[in-house]
1. It is to be established whether one or more residues within region 41-49 are without any contact (Cβ under 8 Å) to a residue 24 or more places away in the chain and either in a helix (DSSP H, G or I) or under 15 Å from Gly107 (Cα atoms) (or both).
2. State all residues of region 14-30 that are surrounded by 13 or more Cβ atoms within 10 Å (Cβ to Cβ), more than 15 Å from Trp112 (Cβ to Cβ) and of a type outside the set (Lys, Arg); if no residue qualifies, say none.
3. Could you please let me know if Leu92 is touching a Pro at 6+ places or on another chain (Cβ under 8 Å) and not β-branched (Val, Ile, Thr)?
4. For region 56-64, does any single residue satisfy the condition of being open to solvent by less than 70 Å² (accessible area, probe 1.4 Å) and out of contact with any helix residue (DSSP H, G or I) (no Cβ under 7 Å at 6 or more places or on another chain)?
5. If you take the residues in region 68-112 that are of a type in the set (Gly, Ala, Ser) and without any contact (Cβ under 8 Å) to a residue 12 or more places away in the chain, which one is surrounded by the most Cβ atoms within 10 Å (Cβ to Cβ)?
6. May I ask you to list the residues in region 10-52 that are touching a strand residue (DSSP E or B) at 6+ places or on another chain (Cβ under 6 Å) and either basic (Lys, Arg) or within 15 Å of Ile128 (Cα to Cα) (or both)?
7. For region 31-44, give me each residue that is surrounded by 15 or more Cβ atoms within 10 Å (Cβ to Cβ) and in contact with a Leu (Cβ under 7 Å, 6 or more places away or on another chain).
8. When you go through (1) of a type in the set (D, E, K, R); (2) open to solvent by 40 Å² or more (accessible area, probe 1.4 Å); (3) within 25 Å of Ile4 (Cβ to Cβ) one by one for Arg121, which number turns out not to apply?
Amino acid sequence: MENIFIRRSIRKYQDKSIEKEKIEKLLRAAMQAPSAGNQQPWEFLVVEKKETLGKLSEISPYATMLKEAPLAIIVLSNEERMKFPEYWQQDLGATTQNILLEAMELGLGSVWLGVAPLKDREDFIKNIFSL
């Protein structure tokens, strides 16, 4: 529980990659989040390619640190799996919080960058990844 009290948003990163085992732990933690009716509407894009991280840094003035980040996890909702579509943002918020707490546990810095419900940001992600 201590991680809840000491977690902070980190916007400066070391120039080294994240081990695959740690990425897997982040994703497993994400999938343990509660969701409405256990719908688990989430899907994840793990982005490590510097060129793509550079593009993502242009999504908003608050995302510039992505140019220097070793990794980004994009949390998406899959409409086909939604039993309760009105709760997808809450579901994804819970899964994102789990990622942030697991990152803290693993000694990784992290920050949550908001996209939804801003249509221009949602479209930006859709265009980059052809969603």
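The values are calculated or read from the model by the stated rules, or taken from the named source; none is laboratory data. Given the structure is predicted, the values throughout are model-derived calculations rather than measurements. Virtual Cβ from ideal backbone geometry, glycine too; neighbours counted across all protein chains shown. The area values use the complete protein model at the heavy-atom level, side chains included, leaving out ligands, DNA and RNA. Shrake-Rupley method; radii C 1.70, N 1.55, O 1.52, S 1.80 Å.
1. First pass over region 41-49, keeping only residues without any contact (Cβ under 8 Å) to a residue 24 or more places away in the chain: 49.
Those still in the list that are either in a helix (DSSP H, G or I) or under 15 Å from Gly107 (Cα atoms) (or both) too: none.
Checked region 41-49: no residue is without any contact (Cβ under 8 Å) to a residue 24 or more places away in the chain and either in a helix (DSSP H, G or I) or under 15 Å from Gly107 (Cα atoms) (or both).
2. Answer for region 14-30, where residues must be surrounded by 13 or more Cβ atoms within 10 Å (Cβ to Cβ), more than 15 Å from Trp112 (Cβ to Cβ) and of a type outside the set (Lys, Arg): Ile18, Ile23, Leu27.
3. Spelling it out, Leu92 is indeed touching a Pro at 6+ places or on another chain (Cβ under 8 Å) and not β-branched (Val, Ile, Thr).
4. no
5. Gly93
6. Phe44, Leu45, Val46, Val47
7. Matches in region 31-44: Trp42, Phe44.
8. (3)
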